[in-house]
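Data first, discussion second: the structure below is written as structure tokens.
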Amino acid sequence: MAFNVNQFRATLVNDGARPSLFEVVMSLPPILGAGVPLTNDIIFRVKASSLPGDGVSQIEVPYFGRTIKIAGTRTFPDWSFTIINDENFIARRNLETWLNLINGHVSNLRAPQALAAFSYQSDAIVTQFSKAGPPIKSYKIVGAFPTDVAPIDLDWGLGDQIEEYGVTLAYQWWESDTTDAGTNVVPVAG
């Protein structure tokens, strides 16, 4: 096939999606206040994130010197985002408290109010928007909890920068407009 830039341009719907047009919304788990958003700070301060990954593990079965690969179970890699910090530290304090209730710094124990998974897990939604404004893709991250709140770098040489830090969450699964909560694939419109 000969190179034809017009064919490529014709397949790039609305000039392609932009990675900067997104929003992350997350509520605090019941142990920190059921249904309470993780402050509006999380919506406005998440600087970077990703749409979640997806995969199926493989099972290798050796047979007469040959390995046969068989589909295994669904896997959901950890999900991360980067938060811009401000001087009230509300989002970071909530995340640190959340981790501490899951496993205490000194006691090395889970808080009594965090014994059940539903009490310390929460859902998050990451939405990609079109250049015209409406959402074009949304993922619900189900049963998430933080596994890492990254350090904040301090440096006298970084005077004209705003602090930021990463957060990593483990989660159970994700749902989107192209899959349902079961095993069925929802047809993609358009």
With at most 10 neighbouring Cβ atoms within 10 Å, loop chymotrypsin sites (Phe, Trp or Tyr not before Pro) (DSSP) excluded, longest segment of the chain: 65-155
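Compute the signed sum of charges (Lys and Arg +1, Asp and Glu -1) over the other residues within less than 14 Å, Cβ to Cβ, of PHE145. Mind showing how you got there, number by number?
Values: positive: ARG110; negative: ASP78, GLU96, ASP123, ASP148.
Once all neighbours under 14 Å are counted, the net charge is -3.
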Derived scalar couplings ³J(HN,Hα) [segment 15-26; Karplus, 6.51 cos²θ - 1.76 cosθ + 1.60; whole Hz; x for Gly, Pro]: 6, x, 7, 9, x, 8, 9, 8, 8, 10, 10, 9
CD proxy at 222 nm, helix term only [per DSSP H run n ≥ 4: -39500 (n - 2.57); per residue of the chain; nearest 500]: -4500 deg cm²/dmol
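Rounded, prolate or oblate for the chain? Axes are the square roots of the Cα gyration tensor eigenvalues, ordered a ≥ b ≥ c, and the cut-off for rounded is a/c under 1.5.
Details: a/c = 1.81, a/b = 1.24, b/c = 1.45.
Taking the square roots of the gyration eigenvalues as a ≥ b ≥ c, the chain is oblate.
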Stretch gain in nm, segment ASN100-ALA117, where the contour uses 0.36 nm per residue and the Cα spacing is subtracted: 4.6 nm
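Can you compute the charge dipole magnitude of the chain about its Cα centre, using +1 on each Lys and Arg Cβ and -1 on each Asp and Glu Cβ, nothing else charged? Give it in debye, rounded to the nearest 20. Each step should come with its number before you reach the end.
Details: 13 positive and 19 negative charges, 138 e Å.
Roughly 660 debye, rounded to the nearest 20.
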Selected from ILE83, ILE141, HIS105, residue furthest toward positive end of dipole (the chain; charges at beta carbon): ILE141
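Given the chain, what count of lysine pairs have C-alpha atoms under 25 Å apart, with each pair 8 or more places apart or on different chains?
Close lysine pairs under the 25 Å cut-off: 4.
Here, each number is a calculation from the coordinates, and none is a lab measurement. Please read all numbers here as calculations on a predicted model, not as lab measurements. Cβ coordinates were reconstructed from backbone atoms using ideal geometry, including for glycine residues, and neighbour counts include every protein chain displayed.
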